[in-house]
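Trainee: So that we are looking at the same thing, I have put the structure below in structure tokens.
Values in this text are rule-based calculations from the coordinates and carry no lab data. As the structure is a prediction and not an experimental result, all values here were calculated from the model. For neighbour counting, all protein chains shown are included, and Cβ atoms are generated from backbone atoms with ideal geometry for every residue, glycine included.
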Amino acid sequence: MKMDGSCKSSLPPRAIFVVHRFFDDSSGLPERTNEATGSYAKQCLAVAAECGVSAIDLWGKMQQFPGWQKGYLRDGLHLTANGNKVVFEEVIGRLREEKISLETLPADLPLLSEINPNDPLKSFEN
């Protein structure tokens, strides 16, 4: 959403992941709670709906599984292998729903195989 509250853009659609970290700490800071993270996630989903773009509720998805804090997050922020699997499955599922093929999805950056290890910056000039 733009500063003026509008959602219009002349840019092609992009996939944007907005992540607000979950912390399980005893600092007492209000932004470091699962409740605050859930509120943030709901606000992100509301903005996506207002702008007419697809969004994935990863926070809500993870809440469905007992022990998700340790099963999906290593340290309260970084995903475990199982956490990455959930994200992958949700993203792939949404791409299929939106009829977006991974094979035809344009890449904004060069593929790793296209980067010259002797002059990596040259690969980003086009």
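Trainee: Explain nothing, just compute: Karplus ³J(HN,Hα) = 6.51 cos²θ - 1.76 cosθ + 1.60, θ = phi - 60°, for every residue of region 72-79 in order, whole Hz, x for Gly and Pro.
Mentor: Here the 3J(HN,Hα) series is 10, 10, 6, 9, x, 9, 8, 6 Hz.
Trainee: Let me ask another. Restrict the search to region 50-115; then list the GluC sites (Glu not before Pro) that DSSP places in a loop and that have at most 13 other Cβ atoms within 10 Å of their Cβ.
Mentor: Answer by residue number: Glu98, Glu103.
Trainee: Same structure, new question: For region 34-124, divide the Cα radius of gyration by the Kirkwood radius and give the resulting Rg/Rh value with two decimals.
Mentor: Here Rg/Rh amounts to 1.07.
Trainee: Let a ≥ b ≥ c be the square roots of the eigenvalues of the Cα gyration tensor of region 81-124; is it rounded (a/c under 1.5), or, if not, prolate (a/b larger than b/c) or oblate?
Mentor: Judged from the Cα gyration tensor, region 81-124 comes out oblate (a/c at least 1.5, b/c at or above a/b).
Trainee: From the residues Ile100, Phe88, Pro117, which one has its Cα farthest along the dipole of region 34-124 in the positive direction, the dipole being from +1 and -1 charges on Cβ of Lys/Arg and Asp/Glu about the Cα centre?
Mentor: Phe88
Trainee: Given charges of +1 on the Cβ of Lys and Arg and -1 on the Cβ of Asp and Glu, with all other atoms neutral, how large is the dipole of region 34-124 about its Cα centre, in debye to the nearest 20? Working shown, then result.
Mentor: Details: 9 positive and 12 negative charges, 57 e Å.
Charge dipole, region 34-124, about its Cα centre: 280 debye, nearest 20.
Trainee: Under the Karplus relation 6.51 cos²θ - 1.76 cosθ + 1.60, θ = phi - 60°, what is the ordered set of whole-Hz ³J(HN,Hα) values for region 102-111, x standing for Gly and Pro?
Mentor: Values, residue by residue: 4, 5, 9, 5, x, 9, 7, 10, x, 5 Hz.
Trainee: Scan around Leu79 for amide H atoms under 5 Å from its own, H built in the peptide plane at 1.01 Å from N, and keep only partners 5 or more places away or cross-chain.
Mentor: Arg74
Trainee: Next question, about the same structure. Taking loop as defined by DSSP and a crowding limit of 10 other beta carbons within 10 Å, which trypsin sites (Lys or Arg not before Pro) in region 63-126 fit?
Mentor: Listed in order of number, the matching sites are Lys99.
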